[in-house]
1. Hey, among the residues in the stretch 64-82 that are at pLDDT 85 or above and in a helix (DSSP H, G or I), which one's least open to solvent (accessible area, probe 1.4 Å)?
2. List pairs: first residue in the stretch 112-126 and under 18 Å from Glu28 (Cβ atoms) and open to solvent by less than 80 Å² (accessible area, probe 1.4 Å), second residue at pLDDT 90 or above and among the charged types (D, E, K, R) anywhere in the structure, Cβ distance under 8 angstrom, at least six positions apart or on different chains.
3. Exactly one of these conditions fails for Leu11: (1) open to solvent by 50 Å² or more (accessible area, probe 1.4 Å); (2) more than 30 Å from Asn128 (Cα to Cα). Give me its number.
4. Just to check your reading of the model, which residue among Cys37, Cys33 is at pLDDT 90 or above, surrounded by 10 or more Cβ atoms within 10 Å (Cβ to Cβ), farther than 30 Å from Val143 by Cβ and touching a Lys or Arg at 6+ places or on another chain (Cβ under 8 Å)?
5. How do the pairs read when you match residues in the stretch 133-145 that are closer than 14 Å to Leu25 by Cα with residues anywhere that are assigned to a helix (DSSP H, G or I), using Cβ under 6 Å and keeping only pairs 6 or more apart or on different chains?
6. For the structure I just gave you, tell me whether Ala103 is closer than 21 Å to Glu34 by Cα, at pLDDT below 90 and among the small types (Gly, Ala, Ser).
7. So for the stretch 33-46 (the condition being in contact with a helix residue (DSSP H, G or I) (Cβ under 7 Å, 6 or more places away or on another chain), under 30 Å from Asn128 (Cβ atoms) and part of a helix (DSSP H, G or I)), does at least one residue qualify?
8. Could you please find all residues in the stretch 40-59 being open to solvent by 80 Å² or more (accessible area, probe 1.4 Å) and among the aliphatic types (A, V, I, L, M)?
Amino acid sequence: MALVRYVLFCLFFAAGAGAVVLAVLADEVRDYCEGRCLLAKNLADNEDIKFLTIEYAAQIDEIRKDPNILSRLESVTLGAEPGTEDTAFPRASEELLSEAGAAVLADLRADKPAREIPGWAERISEPNIRYSLFFAGAGLVIVTFIFFGAPAR
């Protein structure tokens, strides 16, 4: 019977002490979760930058190999009219370009789900929840000492 009392004491005391500690450190836990989310976002952004750097280096190598690509990029980027008379160059309308841009942005947002702070970390940082968590944990510790602290004689 003493072993059962000891195990129950340890179990309830750990739960109560954990609740008290969580209530006291709620802001630090929330900041930690925010930091992890920001770190994950920064690492994803760094991977995107590495990919873009590799892609741009490949494009620069292509430009060095074929100088005609640079003149085509110049006409596309600066909007200059090409000088050939025998070729028709279609123009996209403004609304078509805006729809295409919106589709690209939607794809970018869909590919990278935003990691958010967990809901429990948000909840425990609210003042009312913190107070109730603290008092519930303290009450559990007191009840644990009352019922399981000293054996009955």
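1. Quick first cut of the stretch 64-82, residues at pLDDT 85 or above only: 64-66.
From what is left, the residues that are in a helix (DSSP H, G or I) are 64-65.
On the way: Arg64: 181, Lys65: 154 Å².
Only one residue fits best here, namely Lys65.
2. Note: pairs meeting the criteria are Ile117/Arg30; Ile117/Glu34; Ala121/Arg30; Glu122/Arg30; Ile124/Arg30; Ile124/Arg130; Ser125/Asp27; Ser125/Arg30.
3. (2)
4. Details: Cys33 fails: touching a Lys or Arg at 6+ places or on another chain (Cβ under 8 Å).
Cys37 is the lone residue from the list that is at pLDDT 90 or above, surrounded by 10 or more Cβ atoms within 10 Å (Cβ to Cβ), farther than 30 Å from Val143 by Cβ and touching a Lys or Arg at 6+ places or on another chain (Cβ under 8 Å).
5. Sorted first by the residue in the stretch 133-145, then by its partner, the pairs are Leu133/Ala19; Leu133/Ala23; Phe134/Val20; Phe134/Ala23; Gly137/Gly16; Gly137/Ala19; Gly137/Val20.
6. Numbers: closer than 21 Å to Glu34 by Cα: no; at pLDDT below 90: yes; among the small types (Gly, Ala, Ser): yes.
Criteria not met by Ala103.
7. Step one: filter the stretch 33-46 for residues in contact with a helix residue (DSSP H, G or I) (Cβ under 7 Å, 6 or more places away or on another chain), giving 33.
Filter once more, keeping what is under 30 Å from Asn128 (Cβ atoms): 33.
Add one more test, that the residue is part of a helix (DSSP H, G or I), and what stays is 33.
Yes, there is a match, as at least one residue in the stretch 33-46 is in contact with a helix residue (DSSP H, G or I) (Cβ under 7 Å, 6 or more places away or on another chain), under 30 Å from Asn128 (Cβ atoms) and part of a helix (DSSP H, G or I).
8. Scanning the stretch 40-59 gives Leu43, Ile49, Ile54.
The values are calculated or read from the model by the stated rules, or taken from the named source; none is laboratory data. The structure presented is a predicted model; accordingly, all values stated were derived computationally and were not measured. Cβ sites come from the backbone with ideal geometry, for glycine too, and all protein chains shown count toward neighbours. Each accessible area value is taken on the protein alone, full model and side chains, heavy atoms only, with ligands, DNA and RNA left out. Shrake-Rupley method; radii C 1.70, N 1.55, O 1.52, S 1.80 Å.
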